[in-house]
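What follows is one structure encoded as structure tokens, with my remarks underneath.
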Amino acid sequence: MEIKLLYNLGKYLKMMSRVFKKPENYNMYWTELFRQMNDIGIGSLPIVGLISIFIGMVTAVQFAYQLDGNLVPRYYIGYVVRDISIIELAPTITSLVLAGKVGSNMASEIGGMRQKEHIDAMEIMGVNTIGYLILPRVLAAIIVIPMLVTIASFISIIGGYLSSVPTGLIPSADYIRGVRSFFVPYNVFMMLVKSFVFAYILTTISCYQGYYVKSGSIELGKASTQAVVYSDIVILLADYIIAILLTSS
């Protein structure tokens with residue numbers, strides 16, 4: 001088990017050393033970059049928005065339940081929904097969802113090219129296939145996913161409003177007061193750091209699984225599944241490490 005892990009880690013690092021080499025044709029890379037940005041960003045916006053609004057709604061309702069009978073002011077509902085959305089739920093849940101949607105799609109797309117020998121054909125023509133197939137995806141994810149996370153945090157706060165104000169849990173003025181109270185800009189920095197790191201993790205691991213897939217439809221399915229599972233595990237581990245590093249005094 002340890003030998004296999006070290007083997008895959010070394011293979012992954014070797015692959016990454018070729019990703020950031022100078023492109024042979026910048027026009028090809030730019031075209032692929034914008035295509036990936038559209039697929040990752042616009043294509044993922046509906047599912048990210050839907051999940052985010054329910055995250056905010058559930059967070060507000062459950063925190064209101066915890067406040068029942070306590071002396072904590074009710075406007076803390078908006079404060080808690082805002083901070084937990086920015087610090088943890090928006091970057092982590094969004095990245096886990098994107099690992100399932102975007103990551104599996106990347107692994108399947110690149111893996112299909114490997115099985116159909118498209119990658120071999122490009123290598124014969126002198127194309128750095130690792131750079132061409134992976135670099136635009138990594139850059140697109142690093143650019144677009146922080147935007148999606150920012151939108152997700154905003155929608156989550158709106159979701160908390162929709163589940164608490166119209167239902168009578170808290171007046172509108174109190175919720176807005178909570179959202180505006182005790183704001184720490186450093187929390188937004190933490191959110192962006194997490195989103196950048198998670199974007200890099202889910203794209204590179206997914207591309208690795210697809211690029212080195214073996215022949216056969218079963219193997220392609222396994223690679224797609226492993227891309228999601230491994231990305232989720234590493235994202236959660238990175239989330240813990242980042243939380244320790246950025247919150248330690």
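The values are calculated or read from the model by the stated rules, or taken from the named source; none is laboratory data. Remember, predicted model here, so these are calculated numbers, not experimental data. Methodologically, a virtual Cβ is constructed for each residue, glycine included, from the backbone with ideal geometry; neighbour enumeration extends over all protein chains shown. For the accessible areas, the whole protein counts, side chains as well, though only heavy atoms, and no ligand, DNA or RNA atoms are used. Shrake-Rupley method; radii C 1.70, N 1.55, O 1.52, S 1.80 Å.
Of a type in the set (Phe, Trp, Tyr) and open to solvent by 60 Å² or more (accessible area, probe 1.4 Å), is that true of TYR75? Judged against the criteria, TYR75 is not a match.
Does the range 219-242 hold any residues that are among the small types (Gly, Ala, Ser) and open to solvent by 30 Å² or more (accessible area, probe 1.4 Å), and which are they?
Kept after step one, since they are among the small types (Gly, Ala, Ser), are these residues of the range 219-242: 221, 223-224, 227, 231, 238.
Within the range 219-242, just GLY221 meets the criteria.
Of the listed requirements (1) in a loop (DSSP other than H, G, I, E, B); (2) surrounded by 20 or more Cβ atoms within 10 Å (Cβ to Cβ), ILE145 misses just one: (1). If you take the residues in the range 109-133 that are within 14 Å of ARG18 (Cβ to Cβ) and in contact with a Ser or Thr (Cβ under 7 Å, 6 or more places away or on another chain), which one is least open to solvent (accessible area, probe 1.4 Å)? The extreme case among them is ILE119. Being at pLDDT 90 or above and part of a helix (DSSP H, G or I) is a property that holds for LEU246. Condition test on ALA152, is it assigned to a helix (DSSP H, G or I), under 13 Å from ILE77 (Cα atoms) and of a type outside the set (D, E, K, R)? No. In the range 159-196, the qualifying residues are those that are surrounded by 17 or more Cβ atoms within 10 Å (Cβ to Cβ) and of a type in the set (A, V, I, L, M), and the one that is nearest to ARG82 (Cα to Cα) is VAL179.
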